[in-house]
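The values are calculated or read from the model by the stated rules, or taken from the named source; none is laboratory data. None of the values given here were measured: they were computed from a predicted structure. Every residue, glycine among them, receives a Cβ derived from its backbone with ideal geometry; neighbour counts consider all protein chains shown. For the accessible areas, the whole protein counts, side chains as well, though only heavy atoms, and no ligand, DNA or RNA atoms are used. Shrake-Rupley method; radii C 1.70, N 1.55, O 1.52, S 1.80 Å.
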Amino acid sequence: MEYIEQMNNLVASIEVKEYEGQPVVSSREIADNFEKNHKEVLRSIDNQIEILGGAQNCAGLFIESKYQHSQNKQWYKEYLLTRDGFSFAVMSFTGEKAAKWKLKYIEAFNKMEEKLKNINPYAGISKELQAIFAI
């Protein structure tokens with residue numbers, strides 16, 4: 001029972017975000033949770049993109065983005081990874097700790113996908129229009 005509680009607490013701390021209707025996670029968060037340097041994670045993703053023939057072949061995996069550092073206010077590159085991009089990127093991460101984090105991310109992605117499925121796209125319109133769209 002203790003193991004399940006630990007897993008639930010860690011899943012709650014994983015920040016899976018929504019980007020254009022799909023769940024994604026930041027390469028920075030992956031670096032933090034897997035105890036890797038963000039530059040190494042970026043390099044790994046860039047190498048995988050190159051191997052796959054360029055960004056146009058990875059559109060469903062990796063979304064190039066940027067973030068502003070809170071202290072120096074400079075902008076830096078990061079990637080947003082879809083579920084498949086996450087799976088692809090962390091396949092090579094090994095060890096007990098990495099295996100546990102992989103499971104936690106899978107559960108967090110599942111929760112976000114369920115949340116996105118339950119969003120009613122017609123919530124702001126009249127019941128009559130909702131009925132028309134349902135037909």
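When the range 72-93 is filtered for residues that are surrounded by 15 or more Cβ atoms within 10 Å (Cβ to Cβ), touching a residue at least 40 places away in the same chain (Cβ under 8 Å) and of a type in the set (Ser, Thr, Tyr), the ones remaining, listed by number, are 79, 82. The set of residues in the range 37-71 that are free of Cβ contacts under 8 Å to residues at least 40 places away in the same chain and either part of a loop (DSSP other than H, G, I, E, B) or of a type in the set (Phe, Trp, Tyr) (or both) comprises 37, 52, 53, 54, 58, 59, 60, 61, 62, 69, 70, 71.
Within this structure, residue 48 fails the test of being of a type in the set (S, T, N, Q), touching a strand residue (DSSP E or B) at 6+ places or on another chain (Cβ under 9 Å) and surrounded by fewer than 10 Cβ atoms within 10 Å (Cβ to Cβ). Screening the range 23-36 for residues that are in contact (Cβ under 8 Å) with a residue 60 or more places away in the chain, outside any helix (DSSP H, G or I) and within 23 Å of residue 96 (Cβ to Cβ) and picking the one that is least open to solvent (accessible area, probe 1.4 Å) gives 25. Taken together, the residues in the range 72-81 that are farther than 15 Å from residue 24 by Cα, of a type in the set (D, E, K, R) and assigned to a strand (DSSP E or B) amount to 1. Just one of the listed residues (34, 62) is at pLDDT below 90 and among the aromatic types (Phe, Trp, Tyr), namely 34.
As a summary of the residue check, residue 93 satisfies the conditions (1) part of a helix (DSSP H, G or I); (2) within 24 Å of residue 14 (Cβ to Cβ); (3) more than 14 Å from the chain's Cα centre (by Cα) except for the one numbered (1). Would a scan of the range 87-109 turn up a residue that is out of contact with any Pro (no Cβ under 7 Å at 6 or more places or on another chain), at pLDDT 90 or above and within 18 Å of residue 17 (Cα to Cα)? Taking every residue of the range 87-109 in turn, none turns out to be out of contact with any Pro (no Cβ under 7 Å at 6 or more places or on another chain), at pLDDT 90 or above and within 18 Å of residue 17 (Cα to Cα).
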